[in-house]
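First the structure, in the form of structure tokens, and then the observations on it.
Read-outs throughout are calculated quantities, based only on the coordinates presented, and are distinct from any laboratory measurement. The model shown is predicted, which means the values in this text are computed figures rather than measured ones. Cβ placement follows ideal geometry from the backbone for every residue including glycine, while neighbour counts extend to all protein chains displayed.
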Protein chains: 2
Amino acid sequence: MKKHNFSAGPSILPQEVIKKAADALLNFNGLDLSLIEVSHRSKEFVDVMDKACNLAKELLNLPSGYSVLFLQGGASLEFLRVPYNLLKIDGKAAYLDTGTWSSNAIKEAKTFGNVEVVASSKDKGYNYIPKNYAIPADADYFHCTSNNTIYGTQLKSFPKTNSPLICDMSSDIFSRQLDFSKFDIIYAGAQKNMGPAGTTLIVIKDEILGKSGRKIPSILDYQVHIAKESMFNTPAVFAVYVSMLTLEWLKNLGGIPAIEKLNEAKAALIYAEIDRNPLFKGYSEKEDRSLMNATFNLVDEANKEAFDKLWSTAGISGLKGHRSVGGYRASIYNALPIESVQVLVDAMKQLEKQLS
Amino acid sequence: MKKHNFSAGPSILPQEVIKKAADALLNFNGLDLSLIEVSHRSKEFVDVMDKACNLAKELLNLPSGYSVLFLQGGASLEFLRVPYNLLKIDGKAAYLDTGTWSSNAIKEAKTFGNVEVVASSKDKGYNYIPKNYAIPADADYFHCTSNNTIYGTQLKSFPKTNSPLICDMSSDIFSRQLDFSKFDIIYAGAQKNMGPAGTTLIVIKDEILGKSGRKIPSILDYQVHIAKESMFNTPAVFAVYVSMLTLEWLKNLGGIPAIEKLNEAKAALIYAEIDRNPLFKGYSEKEDRSLMNATFNLVDEANKEAFDKLWSTAGISGLKGHRSVGGYRASIYNALPIESVQVLVDAMKQLEKQLS
């Protein structure tokens, strides 16, 4: 029996994807070779890379003028690539600070130059999304994090700005409908909604590149990677393959519109119980609640042992909150079935029954 | 039937490793979760990372004072990390140029400052290893590439220098006995002798760090990664796991001394045929021949079709030479059985018989 996997990342992937990946490890495309033993320049793997890029473009409904990359390094390397490629030597970057990952991105950009934090929700433990901030007109770019895994908050709208709009969508990419053509760079570590840890999806509007005036090392230069079609150096073959399978799964399911409905239903189910059940309280402001990570605490910590026993007995794993927030975090990514959310809700109800 | 896989990288891995990896994809450690669905901070995966690091230390016979990392980005990212961490702002780095990967490393270091190329074999298409060069006494470090996959050359000895000795061992790590404690940094992309593409082993003598005077972005700072035990950001879970399995396989086989003997026997077999068979000629100078990649050409290109048919019919794959050298490249990494080399030698003999 599979666990109900609420892990925040690396996290649950579709069962059929995992089975196909295991098959490809033993024999890839009928080649009598393992997926991880073939050259990344073989026709078979180049096809995988092309398919993954095309699926990403199609699912995000991107117009022409965008490039799609699958690189190594995680979102944390993009924290560095973005300023290297976009921040002019005497320029300025604008950042919105909504949590740990935003602030790591800010820290990395500050290695390069002038960074203006336009707003921060640090004052309240990042439990809300700042609104009504001003982005300086002369910013080389504006950077934000669409979903904050640790705190369970999510940007419901994005500011209008004339500067390039850069977004770290690591934890909610492919989960909801957005006008993705309004973004200039979107990047996302694969290990939530897209695949295993080890590759990062990067979507770039080509025309914003080549303007920073900086000497960019090859490995950090988006234009180099675009010219080499993600094969400037050996890509993370396995992670790209599994991402391709996951995007294929999503497409067959009906794409982002279909998964968004399912995600909304899952989120409604868990948040309804958090709000109804007097033993629990949500961590983040209701209007900023994430569709991907529901964070909540026990009203009375004395019930911890009883509740932990209930959900772990029910086959739930990965529910523990991040150490900086405590309590619980139910990560309800694309591949998590609503049945698993129901099991969690039942455990919460059961606790109430036990104590009444 | 499995192919005889002579691919230059990603390349052949031990069959038992691939089977174990496929099992872990379906159910990791009996957790009823896939390896790629668990948190990298779970006890189970932290154990994998620790084991991989300890196996690397043990197999390389490293004394205390060294740290071992498994990071993303491939050797190409280390081309950048090395100068960022070691090259002083007004300093100088010394590089030995023995091929494409050396020269890529040189190119990247030049983004940062003064680079002196102490010797190069470019004049003869990189078919030999330069000797008797001088390393400037004031170099911040000396960098070399131990094995040149494309050209089939390998450093048989390393220069004595007072500067830190940095070596890219991507294509011959764990293949032969060396005094690894003479090196200050060794790095190696996993995808030849160690595992799948997606992770890089980095071995660092701690005391050389923190002296460059540069402001180093976190993701490029070796000291940050050492402090975070390779978990500054999410590691490439799958690639690290498979690397751990491969190192375990190597240890059970008898470690580097045992595999070195096998590698020498395989190399002797293929080079003897290259030298004996009048239809073929080796590409690289005999004294510099690689134990990992045997490069050779047909004396008469007119025999190409006949030879290609012979080896492909025999179940050999991945034999085509790199486009810059042409001809053939037999990559005979750790996991390739000598039986596969015999099949290749038989095909070469068969060609001779056909034409006589």
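Computed over the protein assembly as shown, the quotient of the alpha carbon radius of gyration and 2.2 N^0.38 Å is 0.99. In plain terms, the C-alpha convex hull of the stretch A:255-355 casts an average shadow of 6.4 nm² when viewed from every direction.
The orientation-averaged projection of the convex hull spanning the C-alpha atoms of the stretch B:196-299 amounts to 10.4 square nanometres. Legend: residue pairs B:Lys20/B:Lys122; B:Lys2/B:Lys205; B:Lys57/B:Lys266; A:Lys92/A:Lys251; A:Lys320/B:Lys20, Cα-Cα distance threshold 31 Å; pairs beyond threshold, B:Lys20/B:Lys122; B:Lys2/B:Lys205; A:Lys92/A:Lys251. Note on A:Asp50 and A:Asp206: the model spin-label points, each 7 Å out from Cα along the C-beta direction, lie 1.7 nm apart. In terms of surrounding Cβ atoms within a 10 Å radius of their Cβ, B:Asp50, B:Asp300, B:Asp168 rank from fewest to most as B:Asp300, B:Asp50, B:Asp168.
Each Cα pair under 8 Å and six or more residues apart adds its sequence gap; the mean of these over the residue count of chain B is a relative contact order of 23 percent.
Modelled spin labels at B:Glu339 and A:Ala268, positioned 7 Å past Cα toward Cβ, are 6.0 nm from each other. Placing R0 at 51 angstrom, the Cβ-Cβ distance between A:Asn132 and B:Lys43 gives a FRET efficiency of 0.70 after rounding to 0.05.
A Förster radius of 45 Å combined with the Cβ-Cβ distance from B:Lys286 to B:Glu116 puts the calculated FRET efficiency at roughly 0.95. Using the Cβ-Cβ distance between B:Leu26 and A:Asp308 with R0 set to 25 Å, the FRET efficiency from 1/(1 + (r/R0)^6) comes to roughly 0.35.
Taken over the Cα atoms of chain A, the convex hull encloses 131 Å³ per residue. The length gained by stretching the chain between B:Lys107 and B:Asp123 to full extension, at 0.36 nm per residue less their Cα-Cα distance, is 4.0 nm. Specify which residue in the list B:Ser121, B:Cys144, B:Thr111 is farthest towards the positive end of the charge dipole of the stretch B:50-199, using unit charges on the beta carbon of Lys, Arg (+1) and Asp, Glu (-1), about the Cα centre. So the residue we want is B:Ser121.
Sorting A:Asp138, A:Asp184, A:Asp206 from the fewest to the most surrounding beta carbons within 10 angstrom yields A:Asp138, A:Asp206, A:Asp184. In the protein assembly as shown, the DSSP beta bridges split such that about 55 percent are antiparallel, to the nearest 5. Once you have a ≥ b ≥ c as the square roots of the Cα gyration tensor eigenvalues for the stretch B:121-226, tell me rounded if a/c is under 1.5, and otherwise prolate or oblate according to whether a/b is larger than b/c. Taking the square roots of the gyration eigenvalues as a ≥ b ≥ c, the stretch B:121-226 is oblate. When DSSP beta bridges are restricted to pairs lying wholly in chain B, around 55% turn out antiparallel. If you average the alpha carbon positions of the stretch B:277-356 and of the stretch B:219-268, how far apart do those two centres end up, in angstrom? That distance is 29 Å. Residue order for B:Trp311, A:Trp249, fewest other beta carbons within 10 angstrom first, comes to A:Trp249, B:Trp311. Per residue of A:224-234, other chain Cβ atoms within 10 Å of the residue Cβ number 2 on average. Using just its DSSP H runs of length 4 or more, each adding -39500 (n - 2.57), chain A gives a mean residue ellipticity at 222 nm of -11500 deg cm²/dmol after division by all residues.
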